Structure formats: C-alpha cells, structure tokens
1. GLU394: net charge of surrounding residues, Cβ under 12 Å, Lys/Arg +1, Asp/Glu -1, itself excluded?
2. I'd like the Karplus ³J(HN,Hα) series for segment 248-259: coefficients 6.51, -1.76, 1.60, θ = phi - 60°, whole numbers in Hz, and an x wherever there's a Gly or Pro.
3. How large is the charge dipole for segment 217-368, taken about the Cα centre, if only the Cβ atoms of Lys, Arg (+1) and Asp, Glu (-1) carry charge, to the nearest 20 debye?
4. Counting only helical runs of four or more DSSP H residues, what would the 222 nm mean residue ellipticity of the chain come to if each run contributes -39,500 (n - 2.57) and the total is spread over all its residues?
5. Can you give the relative contact order of the chain as a percent, counting alpha carbon pairs under 8 Å and 6+ residues apart?
6. Please name which of LEU53, SER230, GLN407 has its Cα lying farthest along the dipole of the chain towards the positive end, using unit charges on Cβ (Lys, Arg +1; Asp, Glu -1) and the Cα centre as origin.
7. Using modelled backbone amide H atoms (1.01 Å from N, in-plane), which distant-in-sequence or interchain residues come within less than 5 Å of GLY18's amide H?
8. Quick check: the distance between the Cα centres of segment 377-447 and segment 61-92, to the nearest angstrom?
Amino acid sequence: MLLNQDTIAAIATPLGNGGVGIIRISGNLAPEIAGQLLNKSLIPRYALFSSFLDNDGSVIDSGIALYFPSPASYTGEDTLELQGHGGSVILDMLLRRVLSLGARLANPGEFTERAFLNNKLDLAQAEAVADLIESSTEQSARSAQKSMQGVFSEQINKLVDELTELRVYVEAAIDFVDEEIDFLTDGMVENRIVGLLESIGQIRKTAQQGRLLRDGMTVVLAGKPNAGKSSLLNALAGHEAAIVTDIAGTTRDILRERIQLDGMPLHVIDTAGLRESDNAIEKEGIRRAHEEIRKADKILLLIDASEPEPQDILTTLPTDIDITKIYNKIDLLGLSSSIQQTEQGASCYLSIKTGAGLELLKQHLKQSVGFNESTDNIFIARRRHIEALRKGYEHVSSALNQLQISQAGELVAEDLRQAQISLAEITGTITSDDLLGKIFSSFCIGK
Ligand SMILES: Nc1nc2c(ncn2[C@@H]2O[C@H](COP(=O)(O)OP(=O)(O)O)[C@@H](O)[C@H]2O)c(=O)[nH]1
Ligand SMILES: [Mg+2]
C-alpha cells in the first residue's frame, strides 16, 4: 500500500462535551497550518499556550499546541496537536479551520495506518492499539499493552528468523548435490524443525489465551436431556433465559447468552439434549447442537450424577476441544461439591439446584483462560493471528514429514518458505492491501 502525501486531520477525543478536546494533524502541511493558526512560533515537543485564530484573525479558541517534527512522532510525519476546549461545536469550528488550511479529514485508523507504513509499529502492534482502546476488562487492556509494546511481535520475529536461517541452510544443502544426503540426515535439520514446532505450539497456546481475553470464550452446554443444561445457563446468566422442565427434550433451539464472569466475557450456548430421536424438530435441534459444539472453545458436558456415565455421548464429541465434565444434581446423592483436574480434563461435581459448586465452576472457567492469574505472559491476539500460527505450524509439520519420509530437500525448503510467509502475515512484513484495509477501517477516527 502506498503512503499518500495528504495532510490529515481529525478530532481525536470522543464526541460530546469534555474538559479538553484534541485535534490531531499529520503530514507535510502541519507546520504551515500551525503558522497560520497560532499567534506564536512553535518549539518542537514543547507545550505552547496560544490562541487558535480564524482566517480573519478572530480567536476561535485558545489552548495548548504541540508540535512533533518527523520522524519522531506517532505517525512518523510532522504532527501538530491542538488541545482546546472539549465542546463539540468549538471543536468542529477549529477542525473546519484546519481543513480550510489544506488538510483533509482522516479516515478511520489512518493515523495508525501511517505509523505502520512508516515502520513506527508493525501490524500486530497496530492492531493492539485498537484492542487497547476497545478493551472491556483490565486483563485485556494489560495484554493489549503487552502486544502493543511488541512482546508478541518479538516472538514471531524470532520464529521467522529461525525459519529463514534453516531454509537458507537447506537450500545450500540442495546446491551441494553430492553432499545433500549428509546435510539433511545429520539430525541437525530435523532437531531444529522439531524445536520450531515446539516454539510455534507454545506461542499458539498463549495467543489462543490472548484471543479469548479479547473476544471472550465460547462455552457450549452439551449432554443428555434433563442433565441440567438449561438450568446451568440460567444460573450463569442470573435470569430465566431458558425454559427448564423435567420433560426430556424441552430445549430444541440454540440459546445464546453473553455473560461477564467478574469482567471476563463469556458466550454461553445452551443446546438440545443429545439422544436418539424420531421427532423431526428435536433431530434438527440435535444437529444444531453438534454444529455449535464443533465451534466451541470449551464444552461443558452436563451429566446427571445419579445416572450412569453417558459413554455414547462422549464418543460423539470432538477430541480437539477442551471438555469439562459437570456432574450435576449431587444434592440427590448427598455428595459435596468439588473439582478435579485429570489428564483428560476437569470434572466438576455440583448442584445447580442448591448452587453448591457453582462458584468452583466459575473459578474453573476463568482459570482456563488464564483470567485469574497474572497476565504477565499473555499478549492480546486476534483470530487472524491464530489462523496464521496454525498455517505456520502445518507447513513446518509438513517440512518435518518431507525430511523424514522422502528426504526431499526442495520440498523441505518450500514448506519452510510457506511457513515463513504465514508467520510474517502476523507482523505485516508480508501483507495484502485488502488485509490492511480491513484492519484499519475498523479503527475509530482520530486514531
Ligand atoms: N435435584 C436436582 N434437580 C435438578 C438440578 N439441576 C436441574 N435439575 C432439574 O432437572 C430437570 C431438567 O433440567 P433442565 O435444565 O431442563 O435440563 P436440560 O434438559 O439439560 O436443559 C429440571 O426438572 C430441573 O429442575 C439439580 O442440581 N438437582
Ligand atoms: Mg434444556
């Protein structure tokens, strides 16, 4: 994407009335606009109290002007910031005056887009700027701050560097045909590929947590009819969202509730009970239940603790999604509530009816996103990043396969190159205009 030369301007503070309102101007015309607008000369990076003048010399407003000459500014361009009074009419008047001096209105995210194009920050950092502004919890704000400071990008850059180095080595091995076999079978390449897979796997895990902090975790309630799925939805939502009866097969449609657990966003989905059915409506409900289960970040499998374990249902659930078994109705058995962590996942014993164990379950849900723990190591991430990491991982896996099975140097090198491309999309060293347009257009104006 080419950097255009227009000078852009926008009100950077939110709409409405406030103590201070800020207008930002970025581009070559910024110093000239300052010359026309102010009655004093600017000193770079010094707060200058000045009048903001209209073209007839009358005073529109007065306040602080700040000038950041290129390249030491947010966008990397000459930037002028005007801090006036925060009323929408007065700010509009000032903005119109700035536009009359040659600036044009900035598009959403255009300041940050310029910062990206001028190498002030990479794409993951630019996205983190928007994520920081939009954070709805302290944890997501902290992890967005991490990404913005480059913690995520640093790890990606390290991976890309390692991939490049290894690819160059493999390509060199191909050129020395006689020695190719030695180069590729001495174990070094294989060890390094295995190491790369481990590193990508680790970063994927953290990124996945970061994405859940940003977007919220999707939890699907699944299980046999009458296990207590709808009761749990109501208990978590704190109101009667779903109909609860002792008639098996009450829930057919999918029910969705957006819930905050102490500030952690959670999407809870109630589904039809899983069982063999001849009823066309119930069958459709069960089909939809499976569809939601496949898309979940976590499955809560509701089990009536007073009944035998539903092995038949367990085998129909995806193996790559986290499952927590909820043994409900412990009040019928006189058991006390508890939660156990096993290799296969967690098991939680509770009674939705008496409320015993619900708090344990909530803690468990927060913990599985790392919400309760310190967010020291978590950086914010988006679905796009997870997808790029997944592709990168697959290409490196494929490289390992090529090496072990066919010892085909060219194919190994090609897989490593593809992995490099996938990962570089995260920081934006390789991107398309489409992607940039999509990312920056979702920003607010003035950022
Ligand atoms: N004794 C007891 N009954 C419960 C408990 N949780 C739910 N139930 C009852 O189990 C029946 C089925 O509940 P429901 O939430 O509709 O189950 P679903 O079919 O899985 O959605 C209802 O009569 C509930 O009142 C519990 O913890 N203890
Ligand atoms: Mg139900």
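Each value in this text was obtained by applying a stated rule to the coordinates, not by laboratory testing. From a predicted model like this one, the values you see are computed outputs, not experimental measurements. Virtual Cβ from ideal backbone geometry, glycine too; neighbours counted across all protein chains shown.
1. Residues close to GLU394 contribute a combined charge of +1.
2. Taking θ as phi minus 60°, the curve returns 5, x, 5, 7, 10, 6, 7, 10, 10, 9, 9, 10 Hz for segment 248-259.
3. With Lys and Arg at +1 and Asp and Glu at -1, about 260 debye.
4. Calculated at 222 nm, the ellipticity per residue is -14000 deg cm²/dmol.
5. Computed value for the chain: 18 percent relative contact order.
6. The listed residue farthest towards the positive side: LEU53.
7. Under 5 Å from the amide H of GLY18: GLY86, GLY87.
8. Value for the Cα centre distance between the two parts: 37 Å.
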